[in-house]
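K.L.:
The structure's right below; bear with me while I get my questions together.
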Amino acid sequence: MSQKVLLSATEISIILHRLACQLLENHLDFKNTVLIGIQPRGSFVAERLTTILKEEYGVKHIDLGFLDITFYRDDFRRGDKTLEATKTKIDFLVEDKNVVLIDDVLYTGRSINAALTALQSFGRPKEVELLTLIDRRFSRHLPIQPNYRGRQVDAINHEKVKVLWKENDGKDVIYLIDR
């Protein structure tokens, strides 16, 4: 098993700043826009983007939530491995809002499909956009494409993209691992 660094901490930071600028261009004051990180790994991206938007671009208020999709996945109860749910925290209305779903890696599209289904439990958004840090564009099982992407990666199916976050893993780095 070999691993190659796809993005260093500096490159991740640059990409997050670019994504924050793109969000700012499209949503300006975020009065009618909410950010929702898909648990568990999308929450790190969502928190970082929120911090950048507030601290560096002066956005006063952003509704930030976290969505657990465990029980909405199409592989729930299919394997022997017990899935552990994380906590959903959405303490605002999504009804008639612009929702930006945020995840770290877009692979088959199944997690996003589950997130869209789970999101319906909280109301009917006006519009839903997708932001992903890494887009594995040739691996889709569903016709799902991001509105905002950090980096496209042409990884073949036996390769894995692994994202490490300082808050959880001690450092920021993204690896391409050949299994």
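The values are calculated or read from the model by the stated rules, or taken from the named source; none is laboratory data. None of these values were measured; they are calculated from a predicted model. Note that we place each Cβ from the backbone using ideal geometry, even for glycine, and neighbour counts take in every protein chain shown. The accessibility values were calculated without ligands, DNA or RNA, using every heavy atom of the protein model including side chains. Shrake-Rupley method; radii C 1.70, N 1.55, O 1.52, S 1.80 Å.
K.L.:
Given 0.36 nm per residue, what is the gain on full extension from residue 11 to residue 120 after removing their alpha carbon distance, in nm? Present the calculation step by step, with values, prior to reporting the outcome.
P.N.:
Numbers: separation 109, 0.36 × 109 = 39.24 nm, distance 3.45 nm.
The span from residue 11 to residue 120 would gain 35.8 nm if fully extended.
K.L.:
Over the chain, average the accessible area per residue using a 1.4 Å probe and give it in Å², no decimals. Don't jump to the answer; show the numbers that get you there.
P.N.:
Working: 9920 Å² over 179 residues.
For the chain, the solvent-accessible area averages 55 Å² per residue.
K.L.:
Further question on the same structure: Calculate the spin-label point distance for residue 110 paired with residue 88, positioning each point 7 Å from the Cα along the beta-carbon direction, and give it in nanometres.
P.N.:
2.0 nm
K.L.:
Mind sorting out which of [x] 17.9; [y] 16.7; [z] 18.9 is the real Kirkwood radius over Cα pairs in Å computed from the coordinates?
P.N.:
The listed entry that was calculated here is [y].
K.L.:
Do any chymotrypsin sites (Phe, Trp or Tyr not before Pro) in the range 97-171 lie in a loop, going by DSSP, with at most 16 other beta-carbon atoms within 10 Å of their beta carbon, and if so which?
P.N.:
Values: sites: 107, 122, 138, 148, 165; in loops: 107, 138, 165.
For chymotrypsin sites (Phe, Trp or Tyr not before Pro) across the range 97-171 that sit outside H, G, I, E and B with at most 16 neighbouring Cβ atoms in 10 Å, the list reads 138.
K.L.:
Residue 68 accessible area, nearest 10 Å², 1.4 Å probe?
P.N.:
Its heavy atoms expose roughly 20 Å² to the probe.
K.L.:
Please report how far the C-alpha centroid of the range 127-162 lies from that of the range 17-44, rounded to the nearest whole angstrom.
P.N.:
17 Å
K.L.:
With a cut-off of 8 Å between alpha carbons and a minimum separation of six or more residues, what is the relative contact order of the range 2-156 in percent? Please list the in-between numbers first.
P.N.:
Details: 274 pairs, mean separation 34.8, N = 155.
Computed value for the range 2-156: 22 percent relative contact order.
K.L.:
Rounded to the nearest 10 Å², what accessible area does residue 27 have for a 1.4 Å probe in the complete protein model?
P.N.:
Rounded to the nearest 10, that gives 20 Å².
K.L.:
State the percentage of accessible surface on the chain attributable to carbon and sulfur atoms; use a 1.4 Å probe and exclude ligands, DNA and RNA. Don't jump to the answer; show the numbers that get you there.
P.N.:
Values: 4690 of 9920 Å².
Ligands and nucleic acids excluded, carbon and sulfur give 47 percent.
K.L.:
If each of residue 160 and residue 95 carries a label point 7 Å out from its Cα toward its Cβ, how far apart are those two points in nm?
P.N.:
About 4.2 nm separates the two model spin labels.
K.L.:
Compare 161, 128, 94 in a GNM of the chain, Cα atoms joined below 10 Å, and give the one with the largest fluctuation.
P.N.:
Taking springs between Cα atoms under 10 Å, the residue moving most is 128.
K.L.:
Which length gain, in nm to one decimal place, applies between residue 25 and residue 138 when the Cα-Cα distance is subtracted from 0.36 nm times their residue separation? It would help to have the intermediate numbers written out before the result.
P.N.:
Working: separation 113, 0.36 × 113 = 40.68 nm, distance 2.82 nm.
Computed gain between residue 25 and residue 138 is 37.9 nm.
K.L.:
Continuing with this model, one more query. Not counting ligands, DNA or RNA, and with a 1.4 Å probe, what is residue 24's accessible surface area in Å² rounded to the nearest 10?
P.N.:
Surface open to solvent at residue 24 totals about 40 Å².
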